[in-house]
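The structure appears right after this line, and notes come after that.
The values are calculated or read from the model by the stated rules, or taken from the named source; none is laboratory data. Note that the structure is predicted; figures quoted are calculated from it, not measured. Here the Cβ positions follow ideal geometry from the backbone for every residue, glycine too, while neighbour counts run over all protein chains shown.
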Amino acid sequence: MLRFEVAADDLARSRFALSPAFELCCLLRALAYGECPLPPAWSARLRPAFERLRRTTALDAALALNVPGGGADFTAPPPSGLAQTWAEDLAAIRATPAAVARREITALIAAHPVRDPHVRAVLDAEDAVAWLAAALDRAWHDLLAPDWPRVRAVCERDVQHRLAVIGARGWAATVSGLQPGSVWRRGGLELTDVSGGLEPVRLRGEGLLLIPSVFVGPRGACHHEEPWPKTVIYAARGTAALLDTSSEAPPEVLAGLLGRTRALILLELAAPASTTQLARSLGLAPGAVGDHLTVLRRAGLLDRARTGRSVLYRRTPLGDALAAGAPQHDR
């Protein structure tokens, strides 16, 4: 069990962030080792590019530093906030001091010996960081960048949900249940499924970093040693719906009634979302999404409410009933 001791000032400094680099590393481990098995449709779509990258770049060297259960910290640097971009992560990876990279590479090789001479040559090279950064950059653009707007939208919507829970019920309710076995008890967050020392981890006023993830898997992950801040990474709400390609086409009857795009929007709003998030999730122009939202709202299927700077749309009871009944009509 791992326990984070959380004082009042830690709660005030706790925050959410997104990590493109961490998502990429999780996706690579899923494709290479099946650590978080991808749905067959996603695996079939990504595997040809993944195998091509293994033949034509130093991706196998990056995989040697991202083994099941963990990896080298410098390949997934800590994010700074919700607006984190891959360009920022890549710059941080490239800026890794050679001594830091060499220390982490040596530790990974000692724990997980590398037998492929070509991989070992990359890891032993003086410019190993440059080789690894280039391979990860290619992997990002070929494997994750096309889906990143949808992945990011799912994570952003999760954060909005958690922030609403904080406002209504407090931090304890928010962090309980982030991962299997996670519970708030006596002023601290306990992760019963995570290995830890006998002594609790004290945040010392730094706060806790919370990162929703699509590819981390249901058990999540955490960091409690430098260079990362004290971090809990958890599976974002809506991940299953994103990865389920069978939900990409709306039921025929619902599409016939509303039109395909409006039916997709109605089904996507199982959780509240903004116009921008819906546009990212569905790959549509924000203006077109806004027009469809107006029609659905006038029909009484949606309502909207302002949360901070965002306007979130959600289904009305009528919209819920129509969305819930659609699959049955299609049988």
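Before moving on, here are some points about what is shown:
- Screening residue 88 against (1) modelled with pLDDT of 95 or more; (2) within 30 Å of residue 187 (Cα to Cα); (3) in a helix (DSSP H, G or I) leaves a single unmet condition, (2).
- Among the residues of this structure, residue 240 does not count as one that is part of a loop (DSSP other than H, G, I, E, B) and more than 28 Å from residue 13 (Cβ to Cβ).
- Of all residues in region 1-41, those being surrounded by fewer than 17 Cβ atoms within 10 Å (Cβ to Cβ) and among the acidic types (Asp, Glu) number 2.
- Being touching an Asp or Glu at 6+ places or on another chain (Cβ under 6 Å) and not aromatic (Phe, Trp, Tyr) is a description that applies to residue 3.
- Qualifying position, being outside the structural domain of residue 222 (by TED's automatic domain parsing), exposed (fewer than 14 other Cβ atoms within 10 Å of the Cβ) and under 19 Å from the mean Cα position of the chain (by Cα), among 70, 81: 81
- Test: residue in region 206-220 that is touching a residue at least 12 places away in the same chain (Cβ under 8 Å), part of a strand (DSSP E or B) and of a type in the set (S, T, N, Q): yes
- Restricting 173, 111 to residues that are assigned by TED's automatic domain parsing to the domain that holds residue 11 and at pLDDT below 95 narrows the list to 173.
- Yes/no for residue 278 being touching a strand residue (DSSP E or B) at 6+ places or on another chain (Cβ under 8 Å) and either assigned to a helix (DSSP H, G or I) or over 17 Å from residue 190 (Cα atoms) (or both): yes
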